[in-house]
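The values are calculated or read from the model by the stated rules, or taken from the named source; none is laboratory data. Given the structure is predicted, the values throughout are model-derived calculations rather than measurements. Backbone-built Cβ (ideal geometry, glycine too); neighbour counts: all protein chains shown. Ligands, DNA and RNA are stripped out before the accessible areas are found, and what is left, the full protein with its side chains, is counted by its heavy atoms. Shrake-Rupley method; radii C 1.70, N 1.55, O 1.52, S 1.80 Å.
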Amino acid sequence: AVVSTQSTGEYMGIKHVKITTIFPHFTDTGLVNGATVKLPALFPLLDPVWVADQIITATREERNELILPRATNYVILYMYLMPCEVFRCFCRWLGNDLMKTFQQTRTHKIDED
């Protein structure tokens with residue numbers, strides 16, 4: 001999906017449109033209330049104001065991608081170096097199960113019609 005998003009404009013001949021793809025780690029908003037992080041020194045819940053500032057800066061600098069926090073870049077590198085199942089175990093060890101502590105914030109049920 002990321003590659004197709006970045007190449008769609010070129011393929012369609014659209015000029016003067018810049019795309020910055022954003023990959024933020026979990027941001028400390030109401031969506032992740034009650035979530036805990038296993039390694040907060042490496043992968044903290046990100047401050048939404050800081051994330052917004054980083055996005056604005058990356059957009060102004062016309063960067064192709066923004067990956068937050070920077071430590072995530074190393075995880076992506078390991079993703080390409082490890083077999084898939086080993087990488088999944090590695091992610092679980094890093095604490096990539098944040099949503100297990102997720103608490104629903106809505107007071108009403110969402111209909112699944």
Given R₀ = 30 Å, what would the calculated FRET efficiency be for residue 53 paired with residue 79, taking r from the Cβ atoms and rounding to 0.05? 0.65
Quick one: with all protein chains in place, what share of the accessible area of region 24-85 is carbon or sulfur, to the nearest percent (1.4 Å probe)? 61
